[in-house]
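A short worksheet on the structure shown next.
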Amino acid sequence: MDRKLRNVLLWLLVGSKGGKTRVKILKLVRERPSNVHQLAKELNLNYRTVKYHLELMLEHGIVERVGEDYGAIYVLSEEVEKNWNEIESIIGVNGR
């Protein structure tokens, strides 16, 4: 994993206030690519909250959006998928 991605992941998942929520979202997306509504329902969170976290991770190349509008599905980016073992070491196997 390159240093830039590692630093972004450290900031987004460990160092910032919403890190715990982003970790939960990432783990769910890894298990089953989902849209915002599905993730919000699964996590019992507000739709806008989940959308905010996904957009932030999308902006930094952590997730990718497949499709458009309301039904768009989010998946892990290729780089994150390829480096999942390292990401688990960053977030801890139990997810913080």
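Within the set ARG48, ARG65, ARG22, ARG30, the sole residue that is modelled with pLDDT of 95 or more and either surrounded by 17 or more Cβ atoms within 10 Å (Cβ to Cβ) or not charged (D, E, K, R) (or both) turns out to be ARG22. Within segment 39-80, being under 11 Å from THR21 (Cβ atoms) and in contact (Cβ under 8 Å) with a residue 60 or more places away in the chain holds for no residue.
The values are calculated or read from the model by the stated rules, or taken from the named source; none is laboratory data. The model shown is predicted, which means the values in this text are computed figures rather than measured ones. Glycine gets a Cβ as well: all are built from the backbone with ideal geometry, and neighbour counts include every protein chain shown.
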